[in-house]
1. For residue 294 and residue 105, calculate 0.36 nm times their separation in residues minus their Cα-Cα distance, and state this gained length in nm to one decimal.
2. By counting other Cβ atoms within 10 Å of each Cβ, how are 209, 124 ranked from fewest to most?
3. According to the square roots a ≥ b ≥ c of the eigenvalues of the Cα gyration tensor, what is the shape class of region 70-153, taking rounded for a/c under 1.5, prolate for a/b larger than b/c otherwise, and oblate for the remainder?
4. Can you tell me the Rg and the Dmax, both Å, for the Cα atoms in region 42-94?
5. Over all alpha-carbon pairs in region 192-259, figure out the percentage whose distance exceeds 13 Å.
6. May I ask you to derive the relative contact order of region 148-286, considering only C-alpha pairs under 8 Å and at least 6 residues apart, and to give it as an integer percent?
7. How would you rank 112-118, 46-52, highest first, on the average number of other Cβ atoms within 10 Å across their residues?
8. What FRET efficiency comes out for residue 358 versus residue 134 if R0 is 22 angstrom and r is the Cβ-Cβ distance? Round to the nearest 0.05.
Amino acid sequence: MREAGGTAANAKNRRQFLRNAVAAAATAAPWPLPLIAQGAPHVVIIGGGFAGASCARALRKDNAGVGVTLVERQHIYTAPPLCNGILGGLRTLADQQFGYGGIRAAGIRVVNAAATAVNPHARSVTLGSGDKLSYDRLVIAAGIELRFDAIAGYSEAVAEQLPHAWTSDGTQIMLLQRQIEAMEDGGLVAITAPANPARCPPAPYERASMIAYFLKRRKPRSKLVIIDAKDQFTMQALFQEAWNALYPGLIEWAPPSKGGDIASIDAAKKTINTDFDTYNFAVASVIPPQKAAAIAARAGVADRTGWCPVDPITFESLLQKNIHVIGDAALAGAMPKSAFAAAVEGELCASAIVALIAGKTPAGAKLLSNCYSLVGRDYAISDTGVFRPVAGQYVEVAGAGGVSPLDGPPALRAEEARFAHAWFRTATRETFG
């Protein structure tokens, strides 16, 4: 976990870095010369989030000879970045939702269906309809699966009462919003935060911040507790500085060292039990541990950790040839699980696939990640990193990134909030059209 800090000069340099990061989201990567197709090579991509959609677009860019099919179960994608702003009343569900018309307009075939099986030997993907798609290269960008059975008393059915609000269909985040709005003033909101690796590690703490923003204005006698599976979390000093300044006494953080390990949940009694305490909640958002989506295991690209080891240059699976894994499911050292990183991975993977189809050796490239977290209306913090492939793993480039400085002035926090919304607008426009 990086420590926050820095001088005024460092803060100025960081603001310039963030401006460049926002601009980078709108700048296309350099692509190889147009591919001369022989037998029309076909790439199938499973998953239409930031990773999969970016990969599909990049494959079509200047490479008309490559056939691209994007397989995505949902007709509407609800983007996870900044979606916690819905809970604070700063964003709406419509702000987060995108269709696939722009993807289709780019010449990409979009199949709205579930991918149920992969045959790596036959190079085929089976859909829920029973239809099969053949591929020369397959990209799995299906994201994560929630391990409901990892918490005693929690299940997919119980999630309809105690929402995780961690997937991209929009229903769970709106369920959580309605529950918080309906809660009586004075009630306790509980959030459980999983151990890493997990998608977007700062998101549970952004969620706490946005709920606290709502409670302070609308239900000032209410409290919030984060029951954490970790003794440290990303940007911890920055979040706690913000909580002390904006929401004093409202947010309690309960890590394992203070009895935060969850023993069980009782949805009927509305209790979360740890080794030392019982929390009686009015509303609970239970975020369970995670692993790669089920289709990754069915394709044989997930190892016993539940995640997918990949080559950091090509993103090709280390377990199955001709299958690439990008986005949250992939595991390659320090590579972060963020939407920003996923979009970059999509472009890098596409470039590598084009090179491999052409019989060339893909070149390694650095990966930029920038993760923004909303803490208040005009208050955001961020974590930026640059990563490069070394000896089969991504490692962080020392001194190339960093987090927002502690004790930053209000103008800086407000500027980062503007950067956050600007990045989101640019990234979703470039990804979904």
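Readers should treat all values here as calculations from the given coordinates under stated rules, not as data from a laboratory. Everything numeric here is computed off the predicted structure, so don't read it as measured data. Cβ atoms come from the backbone with ideal geometry, glycine included; neighbour counts cover every protein chain shown.
1. 65.1 nm
2. 124, 209
3. oblate
4. Rg and Dmax of region 42-94, Cα atoms, are 14.6, 46 Å.
5. For region 192-259, the fraction of Cα-Cα distances above 13 Å is 63 percent.
6. 32 percent
7. My ranking of the peptides, most packed first, is 46-52, 112-118.
8. On the way: r = 20 Å, r/R0 = 0.91.
Approximately 0.65, to the nearest 0.05.
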